[in-house]
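The values are calculated or read from the model by the stated rules, or taken from the named source; none is laboratory data. Keep in mind it's a predicted model, so treat the numbers as computed, not measured. Cβ: placed from backbone, ideal geometry, glycine included. Neighbour counts: every protein chain shown. Ligands, DNA and RNA are stripped out before the accessible areas are found, and what is left, the full protein with its side chains, is counted by its heavy atoms. Shrake-Rupley method; radii C 1.70, N 1.55, O 1.52, S 1.80 Å.
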Amino acid sequence: MQLLSGSQVAEKKRLEIKIKVRQFAFDHGRPPGLAVVLVGDDPASQVYVKNKIKACSDTGIQSFHNQLPAKTTEEELLKLISKLNSQTDVDGILVQLPLPSHIDTNRVLSAIWPLKDADGLTPENLGLLMAGRPRVAPCTPRGVIEILNHYDIAIAGRHAVVVGRSQIVGRPMAQLLLLADATVTVVHSKTPNIRDFTKQGDIVVVAAGKPRFMGAEDFKKDSVVIDVGIHRRAEGLCGDVRTDELKGLVKAATPVPGGVGPMTITMLLENTLTLAQLSKA
Ligand SMILES: NC(=O)c1ccc[n+]([C@@H]2O[C@H](COP(=O)([O-])OP(=O)(O)OC[C@H]3O[C@@H](n4cnc5c(N)ncnc54)[C@H](OP(=O)(O)O)[C@@H]3O)[C@@H](O)[C@H]2O)c1
């Protein structure tokens with residue numbers, strides 16, 4: 001079984017991004033800028049935001065960190081988004097999810113100007129993806145496609161099965177696979193006997209959010225398994241897949257950690273660069 005290292009792909013992509021960021025700064029007198037908005041003090045979100053800010057600094061992208069207290073009202077958050085929408089050195093805005101439950105996530109995401117939508121989650125950008133003309137697509141599924149492309153794993157004509165249909169992973173993943181000419185099946189919590197489907201997948205992307213949920217009996221021989229799940233447990237990080245069971249069965253699989261995770265941040269950097277370039281086009 002080949003291990004598909006997202007860390008390695010991310011390292012290569014980040015070098016390419018760094019060169020383009022330097023060129024952008026040279027051409028326009030400032031680097032691309034990403035505003036990160038974090039509401040509350042969820043420890044996992046704080047780690048994600050810290051990693052995103054560090055990745056920006058490593059590639060030369062300017063980050064603007066906006067930390068708001070958990071009691072921030074929806075109106076206050078919308079006001080900040082509106083300010084960032086008009087700030088000329090901000091090319092991308094990322095609102096770290098999940099937001100506290102008193103805030104309407106869809107309303108907040110919809111308030112981001114689509115040309116500053118670094119996560120590709122505004123209705124306009126999701127609509128463009130659905131229409132087959134993506135501008136910036138959500139980072140995690142984009143990262144999955146980059147991993148498959150990097151390792152020369154054919155997508156066209158293959159049967160891809162996506163486990164999960166969330167707005168940030170499963171749905172855009174299915175669209176990107178369709179755009180790459182796969183035949184796509186999406187399964188979710190109401191699908192009976194999901195194994196009947198996953199066992200048919202040449203490529204199976206697992207994003208169910210359930211620790212070590214799938215294993216050897218769920219995949220066919222020589223399939224490619226992409227594990228999107230990330231779970232923090234006392235023994236360390238794990239994914240949705242029991243990858244340790246897959247040796248000698250599947251052709252390739254992503255590890256956790258070091259698989260899809262590093263690619264998600266890398267695609268955020270690339271989306272920010274793309275939006276910065278579009279703002280100058
Ligand atoms: N690597 C990264 O950078 C990255 C980025 C984002 C997310 N993640 C991780 O990826 C995982 C998924 O994230 P998410 O945001 O998509 O999660 P989510 O919003 O909880 O969605 C999970 C999806 O899985 C489906 N599901 C749940 N139980 C299932 C079952 N028993 N059989 C089949 N489908 C089932 C759900 O179906 P219903 O729609 O029917 O409820 C839902 O569509 C999480 O572990 C998350 O931490 C990782």
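Brief remarks on what is shown
- Residues considered: Leu97, Leu109. Of these, the only one that is more than 22 Å from Gly259 (Cα to Cα) and aliphatic (A, V, I, L, M) is Leu109.
- Exclusive hit being acidic (Asp, Glu) and free of Cβ contacts under 8 Å to residues at least 12 places away in the same chain, set Asp218, Asp244, Asp227: Asp244
- Residue count for the stretch 183-215 satisfying the condition of being open to solvent by 10 Å² or more (accessible area, probe 1.4 Å), in contact (Cβ under 8 Å) with a residue 12 or more places away in the chain and more than 22 Å from the chain's Cα centre (by Cα): 5.
- Residues that are part of a loop (DSSP other than H, G, I, E, B), among the aliphatic types (A, V, I, L, M) and more than 14 Å from the ligand (Cβ to nearest atom), drawn from the stretch 135-148: Val136
- The condition of being exposed (fewer than 15 other Cβ atoms within 10 Å of the Cβ) and of a type in the set (Gly, Ala, Ser) holds for only one of Gly164, Gly248, Gly170, Gly239, that being Gly248.
- Screening Arg195 on (1) among the charged types (D, E, K, R); (2) more than 9 Å from the ligand (Cβ to nearest atom); (3) under 29 Å from Gln277 (Cβ atoms) shows it passes everything except condition (3).
- Count - residues of the stretch 259-273 that are within 17 Å of Leu121 (Cα to Cα) and open to solvent by 10 Å² or more (accessible area, probe 1.4 Å): 3
- Taken over the stretch 87-134, the criterion of being touching a residue at least 24 places away in the same chain (Cβ under 8 Å) and assigned to a helix (DSSP H, G or I) is satisfied by Arg107, Val108, Ala111, Leu115, Lys116, Leu126, Leu129, Met130.
- Among the residues making up the stretch 149-180, those that are over 14 Å from Ile226 (Cβ atoms), part of a loop (DSSP other than H, G, I, E, B) and either touching a residue at least 12 places away in the same chain (Cβ under 8 Å) or under 14 Å from the mean Cα position of the chain (by Cα) (or both) are Ala156, Gly157, Arg165, Ser166, Gln167, Ile168.
- In the stretch 173-182, the qualifying residues are those that are open to solvent by 40 Å² or more (accessible area, probe 1.4 Å) and aliphatic (A, V, I, L, M), and the one that is farthest from the ligand (Cβ to nearest atom) is Leu179.
- Taken over the stretch 6-29, the criterion of being buried (at least 18 other Cβ atoms within 10 Å of the Cβ) and under 30 Å from Ala216 (Cα atoms) is satisfied by Gly6, Val9, Ala10.
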